[in-house]
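Values in this text are rule-based calculations from the coordinates and carry no lab data. Quick caveat, the model's predicted, so the values are computed rather than measured. Note: ideal-geometry Cβ built from the backbone for every residue, glycine included; neighbour counts use all protein chains shown.
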Amino acid sequence: MEHKVKNQINTVLAEVIHHKIFLIRGHKVMLDEDLANLYSVPTHRLNEQVKRNMSRFPEDFMFHLTIQEYKILISQIAISKKGRGGRRHLPYVFTEQGVAMLSSVLNSDQAIQVNIQIMRVFTKLREMMISHKDLARKIESHDRKFQEHDKKFIVIFEAIKQLLKQKEEGSKNKGPLGFVLPPKVA
């Protein structure tokens, strides 16, 4: 029974994580605020730990959003605006590698368990993207084959039309079919 409940919690957590991953600058990333909520720590504490360990977070692991990127996120996911109890600094976002590195900085059991789930979601997303690319390639291949078949059918139908046209023209040029009997002589 306990195993079943744990699986249900993991499934719900995976769904929550999936909705917290955004595509920014061509990278799948998670906001510092969302990660802090998942780890059950205040955002400023998470960022403190990151700042104390900046050498572990190169630019391809973590970066600040620009003002424009942040404005787009505000409109998309309803982040509270400055002056309404919201953020006072632009948020950090963490790539998959950055999230993995957070587990070494945040050394709690919950952080480790959440990180495991996040890594699984990132892996599933990558697998889905690969399968979508494979499916797109297969569809494109079939489309090319159908186009080739369509061209062949067009050629066949044109040949049939030409044959029918020739037969029709040939029947107009000829006299009546059959033979004419000579008049009867008495």
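How about the stretch 29-55: which of its residues are not β-branched (Val, Ile, Thr) and not in a helix (DSSP H, G or I)? Before you say what the answer is, go through the steps one by one.
Narrowing the stretch 29-55 to residues not β-branched (Val, Ile, Thr): 30-40, 42, 44-49, 51-55.
Matches in the stretch 29-55: 30, 31, 40, 42, 53.
Would a scan of the stretch 103-118 turn up a residue that is in contact (Cβ under 8 Å) with a residue 40 or more places away in the chain, surrounded by 15 or more Cβ atoms within 10 Å (Cβ to Cβ) and assigned to a loop (DSSP other than H, G, I, E, B)?
yes
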